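No value in this document is a laboratory result; all are computed from the given coordinates. Fair warning: this is a prediction, and the values are worked out from it, not measured in the lab. As a convention, Cβ positions derive from the backbone with ideal geometry for all residues, glycine included, and neighbour counts pool all protein chains shown.
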Amino acid sequence: MSEPDQADNPSNTDVTGSTDVAPARDVIIIGSGPAGLTAAIYAARANLSPLVIEGEPSSTSDQPGGQLMLTSEIENFPGFVDGLAGPDLIGHMRGQAARFGTEYLTTKVERVDLSSRPFRVWAPDPSTGVAVEHRARSVIVSTGARSLMLGLEAEERLLSRGVSTCATCDGFFFRGHDIAVIGGGDSALEEAIFLTKFGETVTVIHRRKELRASKIMQDRAFKNPKIRFIWDSVVTHIRGDVKVEGVELHNSVTGEDSFLPVSGVFVAIGHVPNTDLFVGQLDMDEAGYLLTAAESSATNVSGVFACGDVQDHIYRQAVTAAGTGCMAAIDAERWLEAAEA
Ligand code: NAP
């Protein structure tokens, strides 16, 4: 990890010369999924008094906390023999970090300036809506990623009630059921192949006749006797009041409409990292995921670290996000120590 640069603005004066800005903290954590909250637990226990700017509740959850807030049951997070609900896991992590002095702001960061020091982060005050500037010597980015969705009304309503975006997380619940996977890329085929361990049948529904997935994944999927394909078709509606009953399809070539009865619908049409805030400031790959140094959470800006799904398009698990959150807090702590030396 490179040595910290000299502070460009070691005092707390803002650009107008006003001193009406809170002193710079040691660390601000942006995002409150398992990565951000694990970073907060470690940073707080290292006496760094972190501020977590945790985002806002979504239309389907009354608390921020990322994708786990949309997950009904988690059975693969180590330490919970009987599994637990995603919001409960986030609640435990949040409370654990608070116990050691983490502060939370329930608001969304609107803008960051990582070009001068201390780093500056602007977010609306939750009660007044007026943008407030926060300053920190180091920043941990854990803003996560979101699954692309089809945009159907029933999709959000039935999320965790048969609609899922993660086969590794939810496949187990569909033992012996008929399952549909939407998409034609590597994710869709990977999910479909994984789901054949549980499902009676797995039907991949793709909007074209050619798959986008790699040849090797196509070969595996075509060879799997449990997988069948419906081509040139889009899902127009997901039927079900309290749980999924099936999908309505429209064939764009023949114009025919049909119904496929399934109890699981896995939407696998891609992910988007939440990195808009950092465009032009932090290095990203072509898909917008933040780039970190090998075996480290360090970004290209010294003192800024990234963890969780915002920098991971491969594993995307709560436990891997938590692991990299731990790394980011340790990296930030060591970086701050080096800055003081
Ligand atoms: P992707 O390659 O972008 O594929 C997305 C698929 O979803 C495409 O087939 C696309 O159809 C379809 N799609 C997109 N929007 C849709 C919509 N509104 N309605 C219906 N279908 C829609 O995404 P991905 O599969 O998540 O993969 C992302 C990257 O990760 C890729 O580079 C992939 O190779 C990599 N990856 C690799 C592995 C592996 O190697 N094991 C596993 C997973 C992902 P069109 O084809 O018609 O555009």
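Summary table
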| quantity | calculated |
| --- | --- |
| Surface/4 estimate of mean projected area, convex hull on alpha-carbon atoms of the stretch 92-250, nm² | 14.0 nm² |
| Within-11-Å neighbourhood charge of Pro273 [Cβ basis; K, R +1; D, E -1] | -2 |
| Extended-chain gain in nm, criterion 0.36 nm per residue less alpha-carbon gap, Phe80 and Leu291 | 72.8 nm |
| Point-to-point label distance, Arg161-Phe222, nm (Cα→Cβ direction, 7 Å offset) | 4.0 nm |
| Lysine pairs with alpha-carbon atoms under 25 Å apart, the chain, spacing 8 or more or separate chains | 9 |
| Helix 318-340 axis, angle to the chain major axis (alpha carbon atoms, nearest 10°) | 20 degrees |
| The stretch 127-224, relative contact order [Cα under 8 Å, separation at least 6], % | 22 percent |
| Cα gyration tensor, the stretch 72-123 - rounded (a/c under 1.5), prolate or oblate | prolate |
| Given charges at Cβ of Lys, Arg, Asp, Glu: the stretch 220-269 dipole, positive-most of Ser258, Pro225, Thr236 | Pro225 |
| Computed over the stretch 75-142: relative contact order in percent, which uses C-alpha pairs under 8 Å that are six or more apart | 18 percent |
| Relative contact order (%) - criterion: Cα under 8 Å, at least six apart; region: the chain | 20 percent |
| At R0 = 35 Å, FRET efficiency that the Cβ-Cβ distance of Asn47 and Thr168 yields, to 0.05 | 0.45 |
| Principal-axis tilt of helix 86-99 within the chain, Cα atoms, nearest 10 degrees | 10 degrees |
| Mean shadow area of the stretch 19-145 over all directions, Cα convex hull, nm² | 8.5 nm² |
| Asp113-Arg208 FRET efficiency (beta carbon distance; Förster radius 45 Å; 0.05 resolution) | 0.55 |
| Global geometry of the chain, whether rounded, prolate or oblate, following the gyration tensor of its Cα atoms and the 1.5 cut on a/c | prolate |
